Amino acid sequence: MKAGNNVGNIVTINNNNNNASQGKKESYFSEIKKSEIGLLKMNLSNAVNERDAEKIKEILQRIIYFMTIGMDVSALFPDVIMVGSSNNIVIKKLVYLYIVHYSKSNPDLLLLVINTIRRDCTDRNPIIRGLALRSLCSLDSETILEYANVEIGKHLTDFSGYVRKTALLGLAKLYHLSPKSFDLDTFIPSIYGMIMDQDPQVIVNAISALNEIRPGWTFTFDLVQHLMSKFKEFNEWSQCIILDCLSRYKPSNEEEGLEILNLLDDRLSHSNSAVTLSTIKIFLKYTDDLEEIQEQVYERIKEPLITLMENSESNETSYTILNHIYLLMSRSPKLFNKYYKQFYCKYNDPMYIKTLKVKVLQEIAANQTYIEAIDEIVTELSEYLHEDHSLCKQAMNAITDIAQKHKKNQEKYPIDKHILERIFLPFLKTTIDTSGGDGVGDHSGFINETILSYSLICLKDFLRVYPKHLNNVLPYITSSLLQYTLPPQANESILWMLGEEPNVQEDTPYIIEEFFKDHFDQQPTFIKIQLLTTSLKVFFERPGEMLPIIRDIITKCSNLSQDPDLHEISLFYSRILLLDVEKASSIINASKNQPINSFLEDETNEYRDKIFDEFNTLSVLYCKPSLIFIKSKEEVENEKNQIIENQKNYLLSITNGNNNNNNNNNNNNNNQQSTTNNSDSKSIIKQIESSPSNLIDTFMLEQRPELSPDEFQSLWLSLEDGHNFDIQLDRFIDNSEIESVMSKEGILCLAFGSVNDQTKLYYYARQNIVDDPLQEQNQTNGTPVFIIEIIIDEKSLLMSILFKSPLLKTLHTKFIPKFLSLLSIPIPKIFN
Amino acid sequence: MFSQFFILNNKGDTIIFKDYRFDIPKDSNDTFFKYILSMKSDITPSFNINDINYLYIKKREMYFVFTTRQLVSPSLAFELLNRASKIIQDYTASLTEEAIRLNFILIYELLDELMDYGVPQSTSTETLKAFVFTPPKPIKSKESESIIDNFLSSVKPIHSNSIENNNSNNNNTENEIYIDLCERITILIASNGQVLRNEIIGKIQMKSYLKGNPVLSLGLSPEFLFKTNSNRTASSFENENENETTQPNLDNPNRFVIDDCSFHECAGSGFVDNGGYNNQNNIINFRPPQGDFTLLKYRISHNEYSPFLVKTNLESTQKNKFDLVVNIRSNFSNKVVPNFVSVSIPLPKSTKSCQHSLDYGYQNQTVEFKQTPNSNSIFWSIKKLRGGMETTLRLSIIVDGPTSPTHSNNVNNNNNSNNIENSTIKKEIGPIGLEFSMPQFSCSTLQIKFLRMLGSNVSPTRWIRYITDSKSFVKRVSTNS
């Protein structure tokens, strides 16, 4: 993490240099130099001496600007807090903004601010009291706990509502900072009490605080009545928070639930979609067991939902509503049947809305009984085929799905014939026609390969449902299709169709032959398998024409250099062919001409019920229940503890190191410490010595490896710790000493610097793999890069080295020994 | 609730970064932008990377982003982001990167009050005023973006847009309220001229500088029938299966039906109840908040009228040559002059050249043929197409492909094949998109009849304006069969 931050800063500085060239005239947008911080420091102290509030404000603005763009200005912390005692409210706000941002990196200095904050907490102006209280609780450090508890206790009863509401959320912050030391017994009752406050914002913040501290708490009926009576006083966001809690409340009986719903009825046509959706959630939850009323609820909400979708100012809101409409259709499939035109794509809709609208149209058409409406939807969908390819795919799938869903009605309404003739065949016809000409290249402009590919792919699913149409399609499947660059799935579909009815298309054997001769080698395995199966199916019907080809095909597929799957199947086929051609035919053609009625994918939608429970949450947009993408409190807690644990260990090792330096008399502990270190390194050395042939000979590093800070950072974050160990130094080692040794061998320094008495160095190297073809892991495990973080604590002189690499084995056996042997040049002590 | 809020420009630079909960790494803005870049057009407005949820809206080439680890309501997030951008616009006069950078301290002040610990607090422009101490810095005379502001500057050239200025002038300015009735129309016409869809969505937008806290009463054209929930008693649920839209028309054939509408917070439960289903007076009583707000949103889904009539004719004289005629007639009073009318006509990818001719006698028209590697299109803009006029564009398109003679080696098949090939190419011509903006025009004919201040004899100064824009006006060119 630390590494990431530091590198990140370096990167942003570079970015900013680029931006500066845009020529911003304002002084604080000008080019940033490293000396800037020193300059700011000086200017700030000058301005303070001159007591020039405007000047101070200006300098603070610059500091905050640097903070915003991600530059590390934490070094100014001591100077900035000095300004905090100013009486100017804007200066105060800026200082608090700064302190809160950097509180983590300067826990010790926080104590210096506490007095200022506490004084501000007693200011006459409620805005300043609120500001101070809010900032105090936002300081991410346990040092402030004690003070914050006291101040909050005082201000929960402040006469200003603004301060009270700030204090309530302050409680939530303190609880998260340290749940263990939080005084539940005192605070919880007072929070409950404040739900009865006069100020609506105080009420809502009390509820929010309880949501944070006691997740899953529920209203009582008295509380519901109290809130409903004041409901109109809350602003729309507060209403959402209350409605959200209300959706967790379980009315004790039907009447009570309906009473609440009556009160909320007008919220259903609120112009804020968040309010409307929260209200709908309550309506759906409360009427879950009352089927008839729920039907009415569905009828009641459909118009407002469509209005919100159509009339919203932002596409993002429309998208949310549309997702909810799609979800509601899983419960009440016919709800929007009459409104299908509302879901026609607008030409300026963003792609995420268009694809979703196609899905909605597909659902409506599948559940539609009016033939005219189905017809109109299919026509509309066919218009989308000429648009962007992802929309084309979605529309083609939708059309195929509609055809399949209406299989039962095919006598009354031959939608299959309709779709075949209007959608699929026209595209196939064009291919035949263009091949009639002389050259191929001339015609490319006439064929839209995207549409052709998707129609071929979908045609397979269509024909599995309606096999009777094979006779109509196959005349158009000719060798001319092979001249286009089609995706593998489209080729698979062509081969499959040929195998199903080998007699319809006269040229079938020759198409297969051409495909085999010209295209076989580039195909992925599943196409090769399909080719093999198809050619056998054709062989059974037309043995005379196929015999010369099939031999070649089987021979080639049985070749050991082919994929084992293909190889096995071709061996199996050739064996059953040898045994009994009749039986082989019945085995291979077993599934032929058995129309399927539905696809497996349509039937199982296990998630929908779970998602329905999480109405009006992100789950609906992701189409996944929250379990999959939200971490539970415990998980987060565990992770946090892990980090704290690590930090403690780290601190422990530092304190031990300190003992070593300062306390020579007490050597027992330290000896143990260093012996463990030594034994670590000794074991590595043993490895080096025992396998000399493995070491330097085959393992080479690139002399001038390249790795950008960005790549370094993303690698660092994505990789797990490879290996780390500590070395106790006798003296401080400068980076230049290390770098001079390392760079000779191709281990380069990316960045270094000193923060908080810690010197951090970042190195990287890349293995040269040209000479080493036997490195089996290279292809599977990514690039052979090694990245190293070295942290030297300037006080204790403890050097911690952390290695990371995608190739752990090479890291351990090759790279670390090499690195250590190089490091032993400036630090001979390593190998003691 | 929400952990961080940040604003990035379209190059990924951070303009504003506010951390509310400190439970998400500070480099989340980089992660966000890298993901956006990697996804290109398949991006959705919310996504999850490493258990962090990113929700964003894109406005004026800037990304407004929330991050959170919790299972939040996306509608709340998007509405709040929109509101945040609106407030920023209210305070900085225009929502541009430059204005935000210039006023970033002011914006941090606002953000501090907008949310606390990620819980939304106060979001009304007027209450926030008490907590913000940095005066807004206006950017140098740039065209302001809001319709109302444009309107303001056209009415009173010296008037400044920003709130602060308004404050300082408060003693001088009168009681003023600006009202915009905006309608956006969606029309989809099939190639045979059949209207597939004709809808209007409308809203009444206001900007109030009224002193005190008065209650206003707004009257809309009484011949409109608003279907609101107050009209829908339990009994009306039962009639749901019948055709709703024709039923009220039977009662009173002169009434226009507004299918659904929603009100701003301040209007309570909507129309003043005059006690009857058919005796509705379309009066709204409300207490306007200061600044921008939308009083009413409505939707008409069965509109009959179209302000423009578009006819097209596509013919193919030769195998690789197409003639397209586009005729547009303006179907409104000649007193109305649209701000602009622009027509886009996508052409096939294989277009080699395109010649055009316009009706003589019309200046102020331009036709431009734009070619990019992935698309070809014609942009036709008509500057002054006042009511009752008609104009025609003729295009002659030549596509890349075989010419007829070289292709006629198969004589029997030739006629047939010509048609098939042409039909594929034809599908790539169109659909034609029309964009327009018409001031002082209400497409649905809905009008504001009066605006009174209740309990006071002084009427406020009102600036009422109508505008109709195209949301999506599409005419398809070629047929399907």
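The values are calculated or read from the model by the stated rules, or taken from the named source; none is laboratory data. Quantities reported herein were computed from a predicted structural model and do not represent experimental measurements. Methodologically, a virtual Cβ is constructed for each residue, glycine included, from the backbone with ideal geometry; neighbour enumeration extends over all protein chains shown. What goes into the accessible areas is simple: the full protein's heavy atoms, side chains included, and nothing from ligands, DNA or RNA. Shrake-Rupley method; radii C 1.70, N 1.55, O 1.52, S 1.80 Å.
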(request) Report, by residue number, each residue of the range A:31-56 that is within 14 Å of chain B (Cβ to nearest Cβ) and buried (at least 19 other Cβ atoms within 10 Å of the Cβ). (result) A:32, A:56
(request) Report the residue count in the range B:1-31 for those that are open to solvent by less than 10 Å² (accessible area, probe 1.4 Å) and under 27 Å from the mean Cα position of the chain (by Cα). (result) 7
(message) Restricting to the range B:324-351, and then to whatever is open to solvent by 30 Å² or more (accessible area, probe 1.4 Å) and β-branched (Val, Ile, Thr), can you tell me which residue is modelled with the highest pLDDT?
(response) B:325
(request) Please give the number of the condition residue B:60 fails out of (1) more than 9 Å from chain A (Cβ to nearest Cβ); (2) open to solvent by less than 10 Å² (accessible area, probe 1.4 Å); (3) touching a residue at least 40 places away in the same chain (Cβ under 8 Å); (4) not aliphatic (A, V, I, L, M). (result) (2)
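Per-residue answers, yes or no, for (1) assigned to a strand (DSSP E or B); (2) within 30 Å of residue B:427 (Cβ to Cβ); (3) in contact with a Lys or Arg (Cβ under 6 Å, 6 or more places away or on another chain):
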residue: B:299; (1), (2), (3): yes, no, no
residue: B:303; (1), (2), (3): no, yes, no
residue: B:315; (1), (2), (3): yes, yes, no
residue: B:323; (1), (2), (3): yes, yes, no
residue: B:335; (1), (2), (3): no, no, no
residue: B:345; (1), (2), (3): yes, yes, no
residue: B:353; (1), (2), (3): yes, yes, no
(request) Only one of these is of a type outside the set (Asp, Glu), surrounded by fewer than 20 Cβ atoms within 10 Å (Cβ to Cβ) and more than 10 Å from chain A (Cβ to nearest Cβ): B:96, B:44, B:67. Name it. (result) B:96
(message) On the basis of being farther than 24 Å from residue B:466 by Cβ and at pLDDT 80 or above, does residue B:191 make the cut?
(response) yes
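Conditions tested, residue by residue: (1) in contact (Cβ under 8 Å) with a residue 12 or more places away in the chain; (2) within 14 Å of another protein chain (Cβ to nearest Cβ); (3) surrounded by fewer than 15 Cβ atoms within 10 Å (Cβ to Cβ); (4) at positive phi.
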residue: A:176; (1), (2), (3), (4): yes, yes, no, no
residue: A:207; (1), (2), (3), (4): yes, yes, no, no
residue: A:215; (1), (2), (3), (4): yes, yes, yes, no
residue: A:223; (1), (2), (3), (4): yes, no, no, no
residue: A:229; (1), (2), (3), (4): no, no, yes, no
residue: A:237; (1), (2), (3), (4): yes, yes, no, no
(request) Check whether at least one residue in the range A:244-262 is facing chain B (nearest Cβ under 9 Å) and crowded, with 18+ Cβ neighbours inside 10 Å, and report yes or no. (result) yes
(request) Give the range B:24-41 a look and list any residue that's more than 8 Å from every other protein chain (Cβ to nearest Cβ) and of a type outside the set (Gly, Ala, Ser), or say none. (result) B:24, B:31, B:32, B:33, B:34, B:35, B:36, B:37, B:39, B:40
(message) Give me the residue from the range A:402-429 that is open to solvent by 10 Å² or more (accessible area, probe 1.4 Å) and within 13 Å of chain B (Cβ to nearest Cβ) and, out of that set, nearest to the chain's Cα centre (by Cα).
(response) A:427
(message) open to solvent by less than 10 Å² (accessible area, probe 1.4 Å), touching a Phe, Trp or Tyr at 6+ places or on another chain (Cβ under 6 Å), modelled with pLDDT of 80 or more and under 25 Å from residue A:535 (Cβ atoms): is that true of residue A:459 in this structure?
(response) yes
(request) Go through B:314, B:347, B:324 for me and flag whichever is within 26 Å of residue B:196 (Cα to Cα) and within 14 Å of chain A (Cβ to nearest Cβ). (result) B:347
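For residue A:720, are the conditions met, namely being under 16 Å from residue A:788 (Cα atoms), at pLDDT below 80, open to solvent by 30 Å² or more (accessible area, probe 1.4 Å) and not aliphatic (A, V, I, L, M)?
Criteria met by residue A:720.
Each row is one residue, and each column tells you yes or no for (1) modelled with pLDDT of 90 or more; (2) closer than 28 Å to residue B:267 by Cβ.
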| site | (1), (2) |
| --- | --- |
| A:202 | yes, yes |
| A:234 | yes, yes |
| A:255 | no, no |
| A:270 | no, yes |
(message) So in the range A:146-174, with the set limited to residues that are in contact (Cβ under 8 Å) with a residue 40 or more places away in the chain and hydrophobic (A, V, I, L, M, F, W, C), which one is farthest from residue A:110 (Cα to Cα)?
(response) A:168
(request) Considering only residues that are assigned to a helix (DSSP H, G or I) and open to solvent by 30 Å² or more (accessible area, probe 1.4 Å), look in the range A:586-596 and name the one that is nearest to residue A:543 (Cα to Cα). (result) A:586
(message) Given the condition within 12 Å of another protein chain (Cβ to nearest Cβ) and at pLDDT 85 or above, answer yes or no: does some residue in the range A:78-89 qualify?
(response) yes
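Listed here are the residues, each with its yes/no results for (1) of a type in the set (A, V, I, L, M, F, W, C); (2) within 7 Å of another protein chain (Cβ to nearest Cβ); (3) on the phi > 0 side of the Ramachandran plot; (4) surrounded by fewer than 20 Cβ atoms within 10 Å (Cβ to Cβ).
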{"position": "A:303", "(1), (2), (3), (4)": "no, yes, no, no"}
{"position": "A:310", "(1), (2), (3), (4)": "no, yes, no, no"}
{"position": "A:315", "(1), (2), (3), (4)": "no, no, no, yes"}
{"position": "A:318", "(1), (2), (3), (4)": "no, no, no, no"}
{"position": "A:322", "(1), (2), (3), (4)": "yes, no, no, no"}
{"position": "A:329", "(1), (2), (3), (4)": "yes, no, no, yes"}
{"position": "A:334", "(1), (2), (3), (4)": "no, no, no, yes"}
{"position": "A:339", "(1), (2), (3), (4)": "no, no, no, yes"}
(message) If a residue must be within 14 Å of chain B (Cβ to nearest Cβ), more than 35 Å from the chain's Cα centre (by Cα) and open to solvent by less than 10 Å² (accessible area, probe 1.4 Å), how many such residues does the range A:105-132 contain?
(response) 2
(request) Hand me the list of helices (runs of 4 or more DSSP H) wholly inside the range A:323-442 holding 3 or more residues that are more than 28 Å from residue B:425 (Cα to Cα). (result) A:351-366
